1. Using a ≥ b ≥ c from the Cα gyration tensor of the range 27-90 (square roots of the eigenvalues), is it rounded, prolate or oblate, where a/c under 1.5 gives rounded and otherwise the larger of a/b and b/c decides, a/b for prolate?
2. Under a 10 Å cutoff between Cα atoms, tell me which one of 27, 182, 117 has the largest fluctuation in the Gaussian network model of the chain.
3. How many nm is it between the label spots at residue 70 and residue 166, if each spot is 7 Å from the Cα in line with the beta carbon?
4. Just grab the label-to-label distance for residue 23 and residue 93, each label 7 Å out from Cα along the Cβ direction, in nm (one decimal).
5. Please give the FRET efficiency for residue 140 paired with residue 12, using the beta carbon to beta carbon distance and R0 = 45 Å, rounded to the nearest 0.05.
6. Where the centre of each part is set by its Cα atoms, how far does the range 124-170 sit from the range 181-205, in angstrom?
7. With the cut-off at 1.5 for a/c, could you classify the range 2-209 from its C-alpha gyration tensor as rounded, prolate or oblate?
């Protein structure tokens, strides 16, 4: 099984120094980015195509779908971390965002930390991406899968692929924070059934954007 993992492109809110919402749309730059990654995927043999249901990821999937000729399937397990509503759409200079940025340091050593005790913890995201990963192994072991998702969801997913379903909190925290996922990046993982390991063939590649 080979996994092609794509993060959505840039959004208007990101470019205007605002926190994204579930309805954030791709900017003109973001559309250009995802068309470039779509062109890169042309010629790859994709059997199944899964996508987060959030606006920016579905817009990314739509553009890629046009180019590769493959329909996508929405899966809520691929969504970004659920946060308190007060964060969505806030400017990066707002007090609530500054408070979040300061307290977010708790994520460095606590898988169960939640901002304002609401939304999801990293462990919540890890658990749903593990569930998605297990389903892929059980149902699509000999298939090539394209996934469009978000930065933290991808970081948790890749980390769970490498570490497996049983992990120490310290190891998982180190893995999640070590994996960097840029906008419109491509990562490629391969699962070999004979040894039950995932191999990272490509991580956070953006050469299709003309960037290093």
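1. oblate
2. 117
3. Label-label distance for residue 70 and residue 166, simple model: 3.3 nm.
4. About 2.5 nm, to one decimal.
5. According to the calculation, E is roughly 0.85.
6. Cα centroid to Cα centroid, the span is 11 Å.
7. Cα axes put the range 2-209 in the oblate bin.
Only the coordinates and a few stated rules stand behind these numbers; no lab work does. In this text the structure is predicted, and so the values were computed from the model without any measurement. Counting neighbours? That spans all protein chains shown, and the Cβs are built from the backbone with ideal geometry, glycine included.
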